Every structure is written in C-alpha cells, then in structure tokens.
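Shown next, in structure tokens, is the structure this report addresses.
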Amino acid sequence: MRRSTAAVFRGRPVNVHSVRKIAIVSSFILFSHNYQARHGEEESLCFFSEDRRFEYGSQRSSVKMNFFRGVMGGQAAGSQPSGAETIQKLCDRVASSTLLEDRRDAVRALKSLSKKYRMEVGTQAMDHLINILQTDRSDSEILGYALDTLYNIICNDEEEEQDDSEDENAQKQADDLGAQFTDKFIQDPEHVTLLLTLLEEFDFHVRWPGVKLLTALLKNQGVQVQGVILVSPMGVSRLMDLLADSREVIRNDGLLLLQQLTKGNAAIQKIVAFENAFERLLDIITEEGSSDGGIVVEDCLLLLLNLLKNNSSNQNFFKEGSYIQRMKPWFEVGDDNSGWSAQKVTNLHLMLQLVRVMVSPVNSPGATASCQKSMYQCGLLQQLCTILMATGVPADILTETINTVSEVIRGSQVNQDYFASVNAPSNPPRPAIVVLLMSMVNERQPFVLRCAVLYCFQCFLYKNQKGQGEIVATLLPSTIDANSISAGQLLCGGLFSADSLSNWCAAVALAHALQDNLTQKEQLLRVQLATSLGKPPVSLLQQCTNILSQGDKIIRRGSKVQTRVGLLMLLCTWISNCPIAVTHFLHNQENVPFLTAQISENLGEDERLVQGLCALLLGICIYYNDNSLENYTKEKLKQLIEKRIGKENFVEKLGFITKHELYSRAAQKPQPVFPSPEQMLFDHEFTKLVKELEGIITKAVHKSSEEEKKEEEVKKTLEQHDNIVTQYKELIREQDAHIQELKEQVLSMTSQNEQMQVTITQQLSQIQQHKDQYNILKLKLGKDTQSQSNSQADGSQVNGLQTEELTQLKDELEELRKQHTLLKTQLGDKDALIDTLRSEPTQTTEGSARGTENTELLKELEALRGQIQSQSTEINHLKTERQELLGRAEAGSSDGVPSSNSPVDFAKIAELESRLAAQTTDMERLKEETKRSLESRADLEQQLASATSTVAILQTEKAKLQTEVQESKKEQDDLLMLLADQDQKIHSLKQKLKNLGETVEDEDDLDARDQTDDDDEEEEEDED
C-alpha cells in the first residue's frame, strides 16, 4: 500500500494532507474488502459516522468512488475528516457499539492506522483497546487486533525509513513515544497481569501478538515490567510454557521474550532456571543442530548466558544438573574446517563464552575449581584442545578457544598438567605451549591472538610451581637441546627481538614463570647468554640491564617505552623477595647510577612511567637488601637517594606508576585486553606487586638507621614473646591431651558401669526365674510323695518304675545343689571384688587401676551369668523329666492290677518312703541355701549400687578438675596479654622519657645496681 501511495504522487511535490487522505481511503477500502470476504457480496454493511449512514450492497462501487472523490477534494461536497478525527470516530465506535462485529471492524481499522498515526492512536485508543482486552475475551479475533494495535504504538522498531531532512528533535520525540506509551500501559500493574493471562490462550492470533507486545514492553521499561511479572502469581511459569509450544514462531519469539525478561534480574533468573529452563534450552539446541544450527541456537545461547553470567546459584545448579557434560558435543569439529558460515561462527563463539562464564576468574574459587574438574572429567577440555590444534579454524574462533582453554586450566593443577602434555599434530610433534609461544613472539600474527596466547601462558603458570620449574629448566645450560625449540628459547628470542610488543609479551611471560617462586628466581640467575662470537657469555640478568641502559639508542619496531617497561617489570618481579637476586643486581656497578640518573632527570610524559618503575626497582633493592655488599648497603642506598634525588622527589616518582591511566585498567581483571598494542603496558599480576610494595618502600626510604635498629629490637622482643607464647601453647596442648585422656577414661568407666548394671539386672531376673522353678518343683514333689503313700496296693512293676525315676531325680538334684554351692562361692568372690572397688582411693591418677579391676569384675560376672544360664537349663530339663515321671506314675496307677499284701511289697514301700523322706529333707535344705543365695545377691546389689555412686563421685570430681584446668588456661592467656601490654607500655614510657631527655635505666642496669648494693651490705656485715 505504501508503494502504491508513493506512485500516486510520483512527479509532483508531496502534500502531507494528501497522504493522510489516501491513507484514510486505503484503510476504508481495505475495511470493506475484508467485510465482503467474510459476509459475501450481497450483504450490506451499515457504517455510522455522526449523522451520516452509508449502505454498501449492490451500489458499493459507486459509493466507493464518491467517497474517494470527496477525500481527494474532487466533486464531493463538504470537508473531509482528518486522521485524528477519523481515529476519534473509530474510538467512539469501539466504546459505544453494542455489536461485537462493529467493535471488531473498528479495532481492525485502528490497527491499519496505528503505524501511520502512532501518536494519535496511542493517545486516544489505548484505554479503549485495554478495555477490549478485558471485556471481549471470548472473541480471539478482536483480541488479536487489539494486541497488534498496542504492539504497533509501543514498539520502537520503525519499518519505514526516515527522511534525511527530518528534524532531529522530531525524530527523538518519535523514538520516545514507545517509552511514553509503555509507561501509560504499565501505570496499572493489572494490565501486565491481564497480558500474562492472555498468553495462556492457545489461539495463534492471540498468543503471538501477546508475546510480541510483552517483549516490546520489556525493551522499553524492563525493570518496571520485571517487577510486575515477578510478583504476579505463576507469571514466570506462564512465560516458560512458551518454550513448549509446538509452533516454532511462538517458541522463537518466546526465546526473545525470555532474553529481555532475564536481563539484570537475578531473582527472575533463578526462577527461570528452576523452571527446567536448562533442560529445555539444551534440547532445543540439540534439535536445531548445535553449532550448525540457525538463529534459534543463537537465541538459546544468549538466554543461557543471561541465566548464568554473574549468578552463582544458577551456575551451581547447572553444574549439579550434569549439564556441563552435555556441552561437549558442541565442540566436535571435523577434519574439514573450511567454509564456516557466519552463523556457525557466531554460535560457536557464544558456546565458548558459555564455557568461560562457568570458569570465570570472577567466580568464587570453589565453584570455579569444581567446574574445571567436571570439564576435565567429561572430556570437554580435551575437545577444546583439539580445536586449538586443528587447522582451518577461523581466527576469531581460535582466539576465543585459546581464551577459553586458559580459564579452564587456570589454577587447576590437573588441567594444567594435561595441557602441558598436549602436542600439536606436526612432524616432529611439538608441545602445544611451544606452538602457542611461537605465535606470541611472531609479529605477523594478529594482535588479539597474541594477547590470547599470553593469557593462556599466564593461566598455565598461575599457582603452578611445577610448570614454572619446567619453563625455567628449558633455559638452564644442563637442559638445553640444540636440536629442538623450547619454550625458554622462544621467550629469550622474544625478549631480545626487534619488535617491542614481542619484548613486552616475553618479559611478562617470563615474569609469570617467577611469580611467588623463590627457587626459580634463584635458578634463573644461572642462565647464561652468548651475545656474539669471541665474547664471554653474560647472564640473563646482566643482558636485561644492558638493554635497559641503552635507553633511546635501542632500535625497535614499535614503542621503545613498551620494551623498557616490560624489562623493568621483569626485573622488579625477579628481585622482589629474593636477596640473592638483589645482590647480583647490585654487583654490577653501573646499575645503581643508571637508576638514580633516570629518576632524577626531568623527562617527558612518556618517560614518567619509566621513572616510576626505576624508582620501584631501586626501592626493592633497598627493602630486600641483606647488606652483603659494603658499597650498597641499605643505609648507603638511602643516603644516595637523599643526596642525588631527594626523598620527596623519589616518592613522587614512585607514585607515577599508580597514577598512570592504564594502571587501573590492567588491575581490573587478569585477562590482557587492550584496544591497541601501544596501550599494552601493565600486567595484572604486576599491579598487585606494585600495590603491595609501594607503601613498604616509601616507609623504608623515610626510616633512619636508628629507627631500623629499634625495629630490629622490637622484632627480637616480639620473637621472644612469640617463643614464650609458643611454650605456653605447647603446655596447654599437653594439658588438653591429658584432659582428653582423662575424659576417655571416665567415659570408659561409665560404659563399664552401665554394662555391669545391665548384667546384674539380667542375673536378678534369672535368679527369680530359678526361685520360681524351685517352688514349682517342690510343690510337685510334695504331691508325688502323698500320692505314692496312698497307693501302696499298686503293683510291683509300678513301684519299681517310680523308685528308679526318683533315684535319678535325686541324683540330678544333688548335682544341682553342688552347682548352686559353686555359684554361691563365686558370688562371694564378687563381693570381695566389690569391697575392693569401694576401698580404692578417689584420686584421678588411680583411675586406670580401677578401670582394670572393673574390667575383671565384668568378665567374672559374665562367666557367672553363663553358669546361671546353664543351671537354668538343667533345672528346666529336670522339670521336664519330673513331669514325664508324674505322667507315667498316674498312668500306672490307673491301669495296674492290685497285688497281694506280701512282705516284699511292704519292704519296698518302706524303702520308697524312706527315700522320699530323704529327698524331702534335701529339698528343704536346698530351699534354705537358695534363700541364702538370694540374700547374698541382695547384698551384692547394694554393694554394686555403692560402687556406682562412687563412680559418680569420681566423675563429678573429674568435671571439677576439667573446669579448674580451663580456668587456669584462661588465666594464663589473660596474664600473657597483660604482660605483653605492660611491656609495651613500659617500653613506650621509657621511649617518651628518653625523648624528653630524662635518664632511664634498663632492667639490666637496675639488676646490676641491686647486686652491687647487696655486695656492699654483705661487706659491711663482715666488717662488723
């Protein structure tokens, strides 16, 4: 329609009113055609506009032409309404029409005018459109028109090109319309909630415009809309459902919506992550072809970056969910890497950034180490190294891969060892580190690639003393192989090449090989370099100072200042905290005069940084000087600074380092990122060293020799106090160990006591069971005796059988009586042991003997319990036999035939009666013995209770001893603190008195005077 409109005015000046009329007519014609398509040719439509009514039916073509002529200023009479008036009439129609079809047609007309008359539609129709969304929920078509209209007036994406001659202020005002209408829409939070509700509609014509409208709102006023969605019930969950929509258009726009939703809001990021976003996004990436996918993969990766960047909770959730393992297939590249599409490069670049987010140095060390471990175990690091050594990989992908590998291995010993073992596919194979260093010192390589290689080398050496030793070893004379290129040879070659950037990179790389490693600093002093034929070799340290002293005379491609700054950073890192290296540096008579000359000169702006680094190097020589060289002791160097430079001037020049504009930029993050090679001056680790040494060197320069002596005395005093404190600490540790042993003994005795109580309880229950069994047996034996006396007329066969069984029963009872006697004897022994336990002393030192006797008592009680159990078993057996005997006797008396009263029968009966009487006597005696045994058992229980109380008393006393020991320990600590404070106060008071000119005698002088007075008194007494 815009093209046809432009064709109408081709060849004559454009009139704004004419364009507006054509737009109105076009929208009207479009409106009528849409209506005919829905309702047919013959149906008529009544359109109300104030007091005029138009009917469209069989005469529709003539009416169209008349309306067109009227709008264009033709033959039709009367003025035509403007765009604002037309929009006003349409709004009135939306508000007043009772028929849904009329409101739908009016909203459709507003939609067609919303892009051209954005301001008018937005100001007049927004409230009516929102009302349509609230009231006409049943009609998806009118909802779609309303949402599209709101999107057109809120969205800032202009489809039409703006005229170059258009006023800039008007353009800015047009760009600001989206924000204004967004503020008006979200002024009531219920509008956003209403929009979220509409997103639940499955109809495409409602859901898709709703997604686009919410995305536009988030783009214009993200923070406010995020706040409304965050407090809305199930608001984020409704938006997450868009990813599961089967229609790709809605799913893809849902990704864009979630990107805007998750920007800068950690709370929403967490909610989205816990709504299973990681699983869904990774599935979409896999379905779309991973790195070979299209723009959808890019959108998914951007959303993942929003969720994970600077969000430790989501990073931990991503790692714990084993999603790192699913990233490995992304980086599987084939042998043929030619012809990468721009989309694939973008996708792989984002994937590498996603890996870097998980192992970024700004994350917590624990989380980073855990992710690094997972990446190594799942093979992701190995896959990245494969890309690193592959051919045909685009330069920007190779650079980002190097940066990614750098952060995956940074600070991880396992990953660093693996990286050291990686070889490039060359003939002969070379280590990957060597191949990367070759690129770093090659000035023909891209600048960003060289920076990436330097960062990789720094990360390889970060907290890796093993790797540092391997790099330095390649420089030592004993390990140099003339047939192969080593990392050390490449670093030396770059250090002394004609390219200033190579000088700086090599110097910083070599400095990282010495970082916080005193052993390698001393080993590097052994490195000798052959400068030219016929001349003796010089040390690496000497060669660096020789190049540094040449100043502007050196020939370099690039910045000469960059070369000198790199060498000075290397020297400062090398000799810091290494007195031997300081001595080697000062041994060269030319170094100190060169440094003082550089510091004292008034140079330009470019040389100020060099002056500051020279001041730092000289200050390190003062602070870490062991005074082994007489000409360059600490005191003489400070006097030299005071005479030739001046202390204030020296400190001012030292401050040039931290005041440099590039210093703060390098101190922000470890990765060397510079816009141009000329700005590559500072290293991140070196900025930490400067921050650590600047204040120390300033104090060292201002201190006098007396103050240094006093500091040494204070250090010695502190060392003595530390020794005393150490001794007390050792004593306290010994006491703690002794207390711990006593606690263990108490616990052991307590457990033994509990076991003894349990054993006694069990024995008491067993004795009671035995007592009951004896009573039952007694009763049964009494009944048997009575029944036998009454059955004298029974047959001889029955009497003979009872006599036999009674004899066996008597023997068993005799054996039981012996066992009971033995048990009584053993109980007597236990009484003696308990008496011994009660009579033992209560001192803590005798706790071990008591524990031993208690242990013996426990063992004996266990043996006694076993015997009682065996006795119980025998009694049960005897009871069983007795019951069988009674049964057999009753059966014989009922079935037997009475015999004659012969003398033989009477004799047998008499004998049986005598045996039964004896048995009864024995049973009575056994009963008495059992009673005495029970009395003895009761006494034993009382004695054990007494022993238990004794143990409780011992425990109480032990607790008191422990409390006293703790109080004694606390008093000792307080006493030490008081003594230290008192010594400090006395020392400060003496110092103040000395400063005031008073004579203060030390403790040694006072002791000597006291001794002299005592000797004089003794001599006077002898004379008397």
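Here are the numbers:
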{"item": "Given (1) within 24 Å of Gln562 (Cβ to Cβ); (2) open to solvent by less than 50 Å² (accessible area, probe 1.4 Å); (3) free of Cβ contacts under 8 Å to residues at least 60 places away in the same chain, index of the condition Ser502 fails", "result": "(3)"}
{"item": "Qualifying residues in the range 657-683 (those that are buried (at least 20 other Cβ atoms within 10 Å of the Cβ) and within 18 Å of Glu605 (Cα to Cα)) - the one nearest to the chain's Cα centre (by Cα)", "result": "Phe682"}
{"item": "Criterion violated by Thr761 - all others in (1) free of Cβ contacts under 8 Å to residues at least 40 places away in the same chain; (2) farther than 25 Å from Lys931 by Cβ; (3) of a type in the set (S, T, N, Q) satisfied", "result": "(2)"}
{"item": "Selection status of Ala507, touching a residue at least 12 places away in the same chain (Cβ under 8 Å) and open to solvent by less than 10 Å² (accessible area, probe 1.4 Å)", "result": "yes"}
{"item": "Qualifying positions in the range 244-290 - outside any helix (DSSP H, G or I) and of a type in the set (A, V, I, L, M)", "result": "none"}
{"item": "Phe447, sole failed condition from (1) touching a residue at least 60 places away in the same chain (Cβ under 8 Å); (2) in contact with an Asp or Glu (Cβ under 9 Å, 6 or more places away or on another chain); (3) within 26 Å of Pro361 (Cα to Cα)", "result": "(2)"}
{"item": "Residue that is nearest to the chain's Cα centre (by Cα), among those in the range 622-636 that are within 14 Å of Lys699 (Cα to Cα) and of a type outside the set (Ser, Thr, Tyr)", "result": "Ile622"}
{"item": "Residue in the range 729-748 that is free of Cβ contacts under 8 Å to residues at least 60 places away in the same chain, of a type in the set (S, T, N, Q) and loosely packed, with under 15 Cβ neighbours inside 10 Å present", "result": "yes"}
{"item": "Residue in the range 295-311 that is assigned to a helix (DSSP H, G or I), among the polar types (S, T, N, Q) and within 21 Å of Ile268 (Cβ to Cβ) present", "result": "yes"}
{"item": "Count - residues of the range 314-325 that are open to solvent by less than 40 Å² (accessible area, probe 1.4 Å) and assigned to a helix (DSSP H, G or I)", "result": "4"}
{"item": "Residues within the range 118-154 that are closer than 13 Å to Leu195 by Cβ and surrounded by fewer than 17 Cβ atoms within 10 Å (Cβ to Cβ), tallied", "result": "2"}
{"item": "Which listed residue, of Glu400, Glu443, is acidic (Asp, Glu) and part of a helix (DSSP H, G or I)", "result": "Glu400"}
{"item": "Residue in the range 631-650 that is in contact (Cβ under 8 Å) with a residue 24 or more places away in the chain, of a type in the set (Asp, Glu) and assigned to a loop (DSSP other than H, G, I, E, B) present", "result": "no"}
{"item": "Neighbours by Cβ (under 7 Å, 6+ apart or cross-chain): first from the range 244-273, open to solvent by less than 10 Å² (accessible area, probe 1.4 Å); second basic (Lys, Arg)", "result": "Ile250/Arg207"}
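So that you can scan it fast, the table gives a plain yes or no per residue for (1) at pLDDT 95 or above; (2) open to solvent by 40 Å² or more (accessible area, probe 1.4 Å):
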| site | (1), (2) |
| --- | --- |
| Ala432 | no, no |
| Arg444 | no, yes |
| Leu454 | yes, no |
| Phe460 | yes, no |
| Leu476 | no, no |
| Ala482 | no, yes |
| Ala487 | no, no |
| Gly493 | no, yes |
| Ser497 | no, no |
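Residues checked against (1) in the same structural domain as Lys638 (by the TED database); (2) open to solvent by less than 70 Å² (accessible area, probe 1.4 Å); (3) over 20 Å from Tyr623 (Cα atoms):
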position	(1), (2), (3)
Ser539	yes, yes, yes
Gln543	yes, yes, yes
Gln550	yes, no, yes
Arg557	yes, no, yes
Gly566	yes, yes, yes
His584	yes, no, no
Val592	yes, yes, no
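The values are calculated or read from the model by the stated rules, or taken from the named source; none is laboratory data. On a predicted model such as this, the values are computed, not experimentally measured, just so you know. Using ideal geometry, Cβ is built from the backbone for each residue, glycine included, and neighbour counts are taken over all protein chains shown. Only protein heavy atoms, including side chains, enter the accessible area calculation; ligands, DNA and RNA are left aside. Shrake-Rupley method; radii C 1.70, N 1.55, O 1.52, S 1.80 Å.
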